[in-house]
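One structure below.
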Amino acid sequence: MLQALHEAEKAYEADEVPVGAVVVYEDRIIGRGYNQREQLNDPTAHAEIIAITAAANTLEDWRLNNCTLFVTKEPCPMCAGAIVNARLKMVIFGCYDEEAGCCGSLYQLCGDPRFKTKVSVKGGVLEKQSISLIQDFFKLQRST
């Protein structure tokens, strides 16, 4: 999770909402990402999507069956859908997102029994550090 926070700091420095993610396979980071929506003018350039794409490229397989995603903020509906489609084993996230979180807050897409793939979810890991980075970012945005 510390590596995901490091990715979130890159987003912060790039003037992006500071969310970072890493995908781990057999104790090795195989994909990294941070929010780049503004830089790339791409609504899908979320940290999770970028990390999942990098991991799939590393493994040369879109199926990430035995991989775990660490992300600093609870995934949105788009990212939760990508997580299910990539068949990730587990998602571990930092802060909850009561407005758009789809791994337990607003909805539980990753654990929905109607999908063939169920992804385990654990939230609140390094939550204070994750939320602090986001709050600092938005305080700075409001003051400029």
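The values are calculated or read from the model by the stated rules, or taken from the named source; none is laboratory data. From a predicted model like this one, the values you see are computed outputs, not experimental measurements. Backbone-built Cβ (ideal geometry, glycine too); neighbour counts: all protein chains shown. Calculation scope for accessible area: heavy atoms of the full protein, side chains included, ligands and nucleic acids excluded. Shrake-Rupley method; radii C 1.70, N 1.55, O 1.52, S 1.80 Å.
Miscellaneous remarks
- Along region 23-36 the Karplus relation, 6.51 cos²θ - 1.76 cosθ + 1.60 evaluated at θ = phi - 60°, assigns HN-Hα couplings of 10, 10, 9, 6, 6, 10, 6, 10, x, 10, x, 9, 4, 9 Hz to successive residues, with x for each Gly and Pro.
- The amide H of Phe93, built 1.01 Å from its N in the peptide plane, has Val71, Lys122, Gly123, Gly124, Val125 as neighbours under 5 Å, considering only residues 5 or more places off or on other chains.
- Pairs of Lys residues in the chain, spaced 8 or more positions apart or belonging to different chains, with C-alpha separations under 25 angstrom: 15 in total.
- For region 1-143: accessible area per residue (Å², 1.4 Å): 53 Å²
- GNM on the chain, alpha-carbon springs under 10 angstrom: the most fluctuating residue among Ala47, Ala86, Ala14 is Ala14.
- DSSP beta bridge pairing in region 49-144, given as percent antiparallel to the nearest 5: 10 percent
- Rg followed by Dmax, in Å, when the chain is reduced to its Cα trace: 14.1, 47
- With both residues required to sit in region 1-106, DSSP beta bridges show an antiparallel share near 70%.
- Per-peptide packing, taken as the mean over residues of other Cβ atoms within 10 Å, places 27-33, 50-56, 111-117 in the sequence 50-56, 27-33, 111-117 from highest down.
- Relative to the current alpha-carbon distance between Ser132 and Lys118, full extension at 0.36 nm per residue lengthens the span by 2.0 nm.
- Of the solvent-accessible surface of the chain, computed with a 1.4 Å probe over protein heavy atoms with every protein chain present, carbon and sulfur atoms account for 49 percent.
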